[in-house]
1. How many angstrom lie between the Cα centre of segment 429-458 and the Cα centre of segment 408-425?
2. Using only the Cα atoms, work out Rg/Rh for segment 147-221, with Rh taken as the Kirkwood radius, to two decimals.
3. Using only C-alpha atoms and all pairs of different ones, pull out the Kirkwood radius for segment 167-274 in Å with one decimal.
4. At a temperature of 4 °C and a viscosity of 1.567 mPa s, determine how fast segment 329-374 diffuses translationally according to Stokes-Einstein, using the Kirkwood radius over alpha-carbon pairs as Rh; express D in µm²/s, rounded to the nearest whole number.
5. Which translational diffusion coefficient, to the nearest whole µm²/s, is obtained for segment 238-427 from the Stokes-Einstein equation, given a Kirkwood hydrodynamic radius over C-alpha pairs, 20 °C and 1.002 mPa s?
6. Hey, what number do you get for the chain at 222 nm if only DSSP H runs of n ≥ 4 count, each worth -39500 (n - 2.57), divided across all residues, to the nearest 500?
7. May I ask what percent, to the nearest 5, of DSSP beta bridges between residues of the chain are antiparallel?
8. Distances longer than 27 Å among the Cα atoms of segment 27-163: what percent of all pairs is that?
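Every read-out reported here was derived from the displayed coordinates using simple, explicitly stated rules and does not represent laboratory data. As the structure is a prediction and not an experimental result, all values here were calculated from the model.
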């Protein structure tokens, strides 16, 4: 059997491959059928064996079995990856609520795991922590354009002195470009210079940094533990899996309107929102927010971090509904099988969704002063969201996935900027949203058609 494209999602524990046909036909659309999602295979990721291609080949074999085929060939293979710990980054800026926050938004939106953040001049303890973390990429910002210069230059020299062998992206004050280049040459540091993430007061500019982060990740992914042989099979783009979901979400926003995507997994819960919010809220917003925002909750997972969600709900409350709670915790597995296991994971998934939404969404604050009462807004405004989308293992496979997602519209709190009750729920039924994000880098129209199909959009 021959397909046009395979997309591999190389996770920390599981590798998935998705096969697609009728991709890239550009002659006359009337002469070709629509793009087709052919099937999916999976296998354990083989990071610990030091060769990710073992798991990748295993997933391809599983795909062949699922399709009832003994042979499978393809024209191109793309990939997303969160193996080897994902894209570990550190972020360093000047003022936490300004350049640091802007740089962090850029890193998270690109699909990174932000392991360490500093504001102002780095101290010896910061440098020791950075050396311990050993990030894949370092993002350095600081100062609006033509503003403060010295902090970013000082921090770059301190970082360079550590000899971490990690590329540095500079996204700070434009006046430092030449000096940064000279310092990079002097220290032998691979430097990438991009537009300032915070060029003016109250102006975010995170998209150029996001793009270069994903480009640098793709260029350097082969150096990560267990990823050295991945290029033997993958000839197309490789980007971080959460970054690929964000790409898909942004494409969907242009197609159907403002949205928020929940990706609840075994270890983490990611929330991606693509919305500018309402004009009413934007007028009272204290700090600017990016149109596309991602938050990742490392304590909200329904397998690896199951115990944290249990503690969040409270064992005393859960045991009323699940008298066999201890047994369910001790015997938890990545994919629940019995009805009781499924019901238990659905309860945890609901808690993960509600908690992650509360952490992602903004809030209204009422202040009282000499001029009377004044209302201000902080954080991400989700009140204009039209669609709530579920992807990831839990929200694409659990029987009550739609009911769980609908919880996002039923949180009654007049001070929180939550989605409204009329927002519609959509499910990534084929569990291919991340794959379609990376596919869209080369075949955007095909990716959009496939997204509409998996979400059951007319």
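1. 27 Å
2. Details: Rg = 12.5 Å, Rh = 13.0 Å.
Rounded to two decimals, Rg over Rh is 0.96.
3. On the way: mean 1/r = 0.0605 Å⁻¹.
The Cα-based Kirkwood calculation yields 16.5 Å.
4. Translational D for this selection: 93 µm²/s.
5. Rounded to a whole number, D works out at 123 µm²/s.
6. On the way: 16 runs with 164 residues, N = 458.
For the chain, the value works out to -10500 deg cm²/dmol.
7. Working: 35 of 73 bridges.
Of all bridge pairs located within the chain, approximately 50 percent are antiparallel.
8. Numbers: 4350 of 9316 pairs.
Considering segment 27-163, 47 percent of its Cα-Cα pairs are separated by more than 27 Å.
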